[in-house]
Amino acid sequence: MPVKVSKICCIGAGYVGGPTCAVIALKCPHITVTIVDLNQSRVDAWNSPDFALPIYEPGLVDVVRQARGRNLFFSTDVDKGIEEADLIFVSVNTPTKKSGVGAGFAADLNYVELATRRIATVANSSKIVVEKSTVPCRTAESMRTILEANSKPNCRFDILSNPEFLAEGTAITDLFKPDRVLIGSLETREGVEACQSLAEVYANWVPQDRILTVGLWSSELSKLAANAMLAQRISSINALSAICEATGANIDEVAHAIGYDSRIGPKFLKASVGFGGSCFQKDILNLVYLSESLHLPEVAAYWRQVVEMNEYQKRRFSKRVVDTLFNTITGKRIAVLGFAFKADTGDTRESAAITLIKDFQSERAFVNIYDPQVEEEQIWNDLSEASPLIPIESIKKQVTICHSAIEACKNAEAVVIATEWKEFLEIDWEEVYKGMNKPAFVFDGRLLVDAEKLTKIGFKVTTIGRPSAV
Ligand code: NAD
């Protein structure tokens, strides 16, 4: 008989574990959900009386406000969380390995392994263990080996894969109305029953036909494949944007025209300065590494090109800024609007803004940064990490963090739009123009602003996928 889940523990209170399990708690008042994390300050923020949560996500505060203290709890007591639960999500980080074998490509599964070992050591009763983290294909096999080798007698562990497809910035709506919930299990009786137990949790709000059950390895691979396909679309449209800039074609018109084809569809066809975020690059590199490990070098090369195209797009954009500003930006002030990797999130991981700013720094420009959500400390950390050989004091001499777009643009030669925050549409561009050095340039890396309107004000506007306006 499938276990009726009444207590859930989620290991990892990050961008995925936090929102996902908060929504489960909201939608399943009969289930106690405890989200545990080793990071004390993160847990404190989840528990903060004024709901100053550790991540910014529209709608998240409302969800936490309704469920926290009722059946949703945040704690650093990982062992207690594990011990009490009948189902455990492993939602820890799986970054790309920084050093050692496979560095730069392979997933670092250290956190997954540590969490798995903890479960094996602490559990006194049988558990359903669910991979929520994005992992290479067949990771569940390694987890099973670790669990079986370290478990107490009479404890059995059924492992499921349940990858998360939410997108940062729309996480809550994605979780409320997912395109699909994917659950992978072994095709044994126990595996199928564990799968039913988890499916029953989701069935509290997700329509039955959106809950897909597949084999364990298919589920693991599907997550990598979904992100790879999404990133590939962005790299494809960005590759076309370079051709547009050189020919006079307009990437918006091209995207519109091809998106009308029902086989292609209109979504994810927006050209930009490049994709960022913690997942796309990491998951494709993971796929590259997996392909190489499986002795499939042509497959690895195919996916690697998606990432290389993205790097090329960022560098191409920086170069366009330098070229347009009369081939030098030394000593010039550039306002960068947006630091998050996309709008509606405070997440800066792999943000294109970081690469652009680093390029501007290396050309000895002064950079003013404004982002409505990203904390100052985060910006300094990211810039410091991006240029480890430059002391932070030197970085601070070149970079200023501003508190409004108008302030950032004051006395600048150029404005670079790096994130598609809606508030940048509301900027008083006439006011911005008055405060800038002339000629005043705008480089729209997100196809956000009305180029025609800005040109009428007097700006020289350059947008992705259109010839430069100089
Ligand atoms: P994150 O870094 O925001 O959160 C992970 C958390 O796990 C951290 O707070 C860390 O302290 C905690 N942790 C690590 N090891 C632990 C342990 N042994 N015990 C307790 N806590 C531990 O990461 P994230 O963005 O939430 O991503 C988690 C996973 O979900 C990754 O595999 C990622 O690829 C995947 N994913 C992320 C997104 C996204 O949009 N961020 C979307 C889908 C899937």
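Every number in this text was worked out from the coordinates using simple rules, so none of it is lab data. Everything numeric in this text was worked out from a predicted model, so none of it was measured. All Cβ positions, glycine included, derive from the backbone under ideal geometry; neighbour counts span all protein chains shown.
Explain nothing, just compute: Karplus ³J(HN,Hα) = 6.51 cos²θ - 1.76 cosθ + 1.60, θ = phi - 60°, for every residue of region 402-409 in order, whole Hz, x for Gly and Pro.
Calculated HN-Hα couplings, in order: 10, 10, 7, 5, 4, 4, 5, 7 Hz.
Provide the packing ranking of 279-292, 260-273, i.e. peptides ordered by the mean count of other C-beta atoms within 10 Å per residue, highest first.
279-292, 260-273
Can you put Phe275, Phe317 in order of Cβ neighbours within 10 angstrom, beginning with the fewest? Intermediate results must be reported in sequence, preceding the final value.
Values: Phe275 28, Phe317 24.
Lowest to highest Cβ neighbour count: Phe317, Phe275.
Once you have a ≥ b ≥ c as the square roots of the Cα gyration tensor eigenvalues for region 221-330, tell me rounded if a/c is under 1.5, and otherwise prolate or oblate according to whether a/b is larger than b/c.
Oblate.
Cross-link partners among aspartates and glutamates for Lys319, C-alpha distance below 18 Å, same-chain residues fewer than 8 apart left out?
Glu245, Glu308, Glu311, Asp359, Glu363, Glu413, Asp444
How many angstrom lie between the C-alpha centres of region 118-188 and region 1-49?
14
Just need the Rg to Rh number for region 7-206, please, alpha carbons only, Kirkwood Rh.
Numbers: Rg = 16.1 Å, Rh = 17.1 Å.
Ratio of gyration radius to Kirkwood radius for region 7-206: 0.95.
For a footprinting-style exposure proxy, rank Arg333, Arg156 by other Cβ within 10 Å, fewest first.
Arg156, Arg333
Quick one: length gained pulling Glu431 to Ala149 fully straight, 0.36 nm per residue minus the C-alpha distance?
Stretched out fully, the Glu431 to Ala149 stretch lengthens by 94.8 nm.
Once both axes come from the Cα atoms, what is the angle between helix 216-247 and the longest principal axis of the chain, in degrees from 0 to 90, rounded to 10?
So the helix axis and the longest Cα principal axis differ by about 10 degrees.
Using amide H atoms built 1.01 Å from N in the peptide plane, name the residues 5+ places from Phe441, or on other chains, whose amide H lies under 5 Å from its own.
Ala414, Val415, Lys460
Within 10 Å, count the other beta carbons around each residue, average over each peptide in 354-364, 203-213, 187-197, and list them highest first.
Ranked by mean Cβ neighbours within 10 Å, highest first: 354-364, 187-197, 203-213.
Restricted to Cα positions, what overall size does the chain have along the principal axes? Three whole-Å values, descending.
75, 50, 43
For Ser351, enumerate residues with amide H under 5 Å from its amide H, sequence gap 5+ or separate chain, H modeled in the peptide plane.
Placed amide hydrogens put Gly277 under 5 Å from Ser351.
Please give the calculated 222 nm ellipticity per residue for the chain, where each DSSP H segment of at least 4 residues contributes -39500 (n - 2.57) and the sum is spread over every residue; nearest 500 deg cm²/dmol?
Only helices count here, giving -13500 deg cm²/dmol.
Would you order Met436, Met229, Met309 from fewest to most other beta-carbon atoms within 10 Å of each residue's own beta-carbon?
Values: Met436 22, Met229 12, Met309 19.
Ascending number of Cβ neighbours within 10 Å: Met229, Met309, Met436.
Report, ordered by chain and residue number, the aspartates and glutamates lying within cross-link reach of Lys80, taken as a straight Cα distance under 12 Å and ignoring same-chain residues fewer than 8 apart.
Answer for Lys80, where 12 Å is the Cα cut-off: Asp37, listed by chain and number.
Mind listing the lone cysteines of the chain, meaning no other Cys beta-carbon sits under 4.7 Å from theirs?
For the chain, the answer is Cys9, Cys28, Cys137, Cys155, Cys195, Cys244, Cys279, Cys402, Cys409, because their Cβ atoms have no other cysteine Cβ under 4.7 Å.
Placing +1 at every Lys and Arg Cβ and -1 at every Asp and Glu Cβ, with all other atoms neutral, what dipole size does the chain have around its Cα centre, in debye to the nearest 20?
In debye, rounded to 20, the chain gives about 400.
Amide H of Phe89 versus every other amide H placed in the peptide plane: which residues, excluding those fewer than 5 positions away on the same chain, fall under 5 Å?
Long-range HN contacts for Phe89: Cys9, Cys10, Ile11, Val130.
Quick one: net charge around Ala353, please, counting Lys, Arg +1 and Asp, Glu -1 for every other residue with C-beta under 9 Å from its C-beta.
After counting each charged neighbour, the total is -2.
Label Tyr302 and Ala257 with points 7 Å out from Cα along Cα→Cβ: what is the distance between them in nm?
2.8
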